[in-house]
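Below is one structure, written out as structure tokens, with a few remarks after it.
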Amino acid sequence: MHEVQSEKGELMSKFEEVNARNVELEAEVKILKCALDKSNTQLQQFSSGTKKLDHMLSLGLHLEIGKVLATLSLRVLQLQRRHLFQHLYLKNSRSE
């Protein structure tokens with residue numbers, strides 16, 4: 001009977017140790033979950049910011065392309081106008 005009491009005491013002691021370790025691990029899990037949630041939030045913010053930056057850069061690129069096209073269009077119009085004036089000048093010179 002004394003052996004049973006001794007074994008019961010050892011088992012209770014081990015149970016208390018395991019239970020205390022379980023409480024520590026649960027606290028660590030909570031801390032890690034909070035860190036994970038914070039990391040996920042930061043990742044989502046970063047991803048959202050990257051998408052916004054990509055969009056803004058894309059708009060900037062479209063503006064730059066638009067400026068280049070406008071410059072080219074203006075240059076083409078200037079060349080067409082010069083060609084037309086040269087053509088009219090030559091036509092008038094020949095008719096005189």
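The values are calculated or read from the model by the stated rules, or taken from the named source; none is laboratory data. Here the structure is a predicted model, which means the values were calculated and not measured. As a convention, Cβ positions derive from the backbone with ideal geometry for all residues, glycine included, and neighbour counts pool all protein chains shown.
Worth a mention:
- One residue alone among H83, H62 is modelled with pLDDT under 80, surrounded by 10 or more Cβ atoms within 10 Å (Cβ to Cβ) and either of a type in the set (S, T, N, Q) or out of contact with any Asp or Glu (no Cβ under 9 Å at 6 or more places or on another chain) (or both), and that residue is H62.
- Test result for E7, at pLDDT 90 or above, part of a helix (DSSP H, G or I) and surrounded by 10 or more Cβ atoms within 10 Å (Cβ to Cβ): no
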